[in-house]
Each structure stands twice: as C-alpha cells, then as structure tokens.
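Okay, structure first, notes after.
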Protein chains: 2
Amino acid sequence: MFKLHTRLKADTFEIARLELSRMLLMNDKSLPWLILVPERKGVRELDQLAEADRARLMEEIVIASRAIQHLYAPDKMNIGALGNLVPQLHLHVIGRYRTDRAWPGPIWGTGPGVPYTKEEAKEVCKRLKEAIKKAA
Amino acid sequence: MFKLHTRLKADTFEIARLELSRMLLMNDKSLPWLILVPERKGVRELDQLAEADRARLMEEIVIASRAIQHLYAPDKMNIGALGNLVPQLHLHVIGRYRTDRAWPGPIWGTGPGVPYTKEEAKEVCKRLKEAIKKAA
C-alpha cells in the first residue's frame with residue numbers, strides 16, 4: 001500500500017487525489033507551492049515510473065501549474081524533482097515572483113517559510129481544488 | 001525558426017538533436033548536467049507546449065536521466081524547469097552526489113562550476129551520445 005513520506009506529510013496539507021498523484025499544498029504561504037506525489041510504492045526516480053504514469057504525471061504537473069497561474073498570476077513557474085532529502089518521488093510546482101525571498105535563485109532550502117493558519121490553509125486548499133477542476 | 005537562447009549557447013556544448021529537444025551539456029565538469037531545450041519558438045512554460053510535445057519531453061527527460069545514470073551512477077537525479085534568468089523553456093537533468101558542492105541543496109546558482117577543456121567536452125559529448133542511443 002502507498003504511504004506518504006512522514007516528512008511530506010508534516011510539511012503539507014492535502015488538496016486532492018488526482019488520477020496518479022496526491023496533490024499537496026506546501027505549508028508556506030509566502031508563495032503558491034504545490035507538491036505532486038505519484039501513488040506508486042518505492043519509486044524514487046522519474047524513470048522508475050511506467051511510461052503511461054510518466055505521461056499522466058506530466059499532465060498533472062500542467063494541471064497544478066495552470067491552477068497556480070489562474071489563481072496567483074506568478075512571474076514564472078518553477079518545476080522540480082529533487083528528492084535529495086526526501087527519497088519518495090515528488091514533484092514541486094511553484095509560482096515564483098521577482099519579489100520573492102529567493103528570486104532569481106531556486107526556492108528550495110531557503111526557508112523557513114511562513115506557515116498558514118489552519119483556516120487559511122483550508123480556504124486555499126478549497127480554492128485550489130476548484131481551480132484544478134477547471135484546469136483538468 | 002527556432003533559435004537557442006544566447007545564454008544557453010554560451011554555457012553549453014551540443015550533444016544531440018532529439019525528436020523534440022536539443023540536448024546540451026552544461027559546461028561544468030564537476031557533475032553530469034544535461035539541458036533539454038524543446039525546439040519550439042517562444043515557449044516559456046511547460047503548459048505552453050502541446051500535449052504530444054509534453055509527453056515527448058517527458059520521454060526525453062527519461063532518456064537523459066538514464067544516460068547519466070548509466071555513465072555516472074549518481075546518488076540522485078535532480079530534474080528542474082526554472083527559467084528565472086533564461087526565459088526560453090529548458091529542462092535541467094542533473095546527476096547529484098552526496099559529495100557535490102551543493103548537496104543536499106539545489107545546484108542552480110551555486111557556481112562557478114569547473115569548465116571542461118575542449119577535448120574533454122568532445123569526449124564526454126561522444127560518450128553521452130552513445131549512451132542516449134542505448135537509452136532511447
């Protein structure tokens with residue numbers, strides 16, 4: 001059975017379960033930051049996914065990306081699969097701004113971010129869920 | 001007509017032209033670092049590519065990734081589309097090591113790297129080109 005890595009669980013809120021991936025909201029309200037975790041056990045690298053899953057993941061990246069662009073109009077999207085600290089395959093889909101804390105550098109590892117309140121997280125997840133439906 | 005961004009041209013060596021993307025070698029011999037540039041004019045974001053191109057790009061990421069894993073056996077693959085400095089859509093496919101200069105952080109922006117000599121670059125491009133054929 002697929003189980004979300006404890007570190008991912010601790011740092012995020014669940015937004016939705018897509019066809020392949022769990023879509024999570026990073027607990028950092030300073031920028032729109034989604035994480036996609038394909039629900040496939042033991043996968044660390046992109047090339048370990050089956051070809052159909054890879055194509056589906058690409059489409060889920062696009063869905064996440066369009067939802068962020070629709071709601072937040074960032075200056076640039078950043079997409080990344082790193083996993084140097086958390087081995088479970090996960091994709092970052094992040095809206096970046098010329099004014100954000102790390103621009104033009106990468107955002108990873110530049111925290112601490114600004115956590116959402118419980119109410120804010122609930123509201124943002126709701127809006128993202130609606131945007132995802134439109135983008136899908 | 002598609003034209004490679006001057007900054008990408010200056011920082012890389014051309015390895016091969018795949019079905020969709022130009023495959024480049026970043027001029028930094030401290031780690032295996034490939035860049036894929038889909039030959040589509042004016043595209044900045046992944047979701048601006050047509051769906052078939054996106055699926056193809058995913059497969060070319062996998063080809064690049066497998067070539068690196070085959071030749072260099074890194075500890076982790078890092079894949080990213082940032083473009084905060086160079087707007088032309090390009091994908092980084094990088095082999096990371098627990099001993100590299102930025103581990104476990106992202107590698108982008110942590111240079112200067114170590115440039116290849118002309119002969120080294122030629123040799124590495126040749127080996128990568130062969131590895132790509134096997135991975136494709």
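Taking every residue in B:41-53 and counting other chain Cβ atoms within 10 Å of its Cβ, the average works out to 3.
Please give the average number of partner chain Cβ atoms lying within 10 Å of the Cβ of each residue in A:101-109, rounded to a whole number.
Working: counts 0, 3, 2, 7, 7, 10, 3, 6, 4.
Mean inter-chain Cβ contacts per residue within 10 Å come to 5.
Just check chain B against the gyration tensor rule for me: Cα atoms, a ≥ b ≥ c as the square roots of the eigenvalues, rounded for a/c under 1.5, and otherwise prolate or oblate depending on whether a/b exceeds b/c. Rounded, because the longest to shortest axis ratio a/c is under 1.5. Each of B:Glu14, A:Glu119, B:Glu39 was scored by other Cβ atoms within 10 Å of its Cβ. Listed from fewest to most, they are A:Glu119, B:Glu14, B:Glu39. Using the average count of surrounding beta-carbon atoms within 10 Å as a protection proxy, the listed peptides B:90-98, B:121-129, B:1-9 rank, highest first, as B:90-98, B:121-129, B:1-9. Annotation for A:Arg17, label-to-label distances across the other copies: 4.7 nm (shortest first, one decimal, point 7 Å from Cα along Cα→Cβ). Under a Gaussian network description of chain A, with springs only between Cα atoms under 10 Å, the residue in A:Met23, A:Met58, A:Met77 that fluctuates furthest is A:Met58.
No lab work stands behind these numbers, since they all come straight from the coordinates. Nothing here was measured: the structure is a model prediction, and the numbers come from that model. Heads up, the Cβs are rebuilt from the backbone with ideal geometry, glycines too, and the neighbour counts pull from every protein chain shown.
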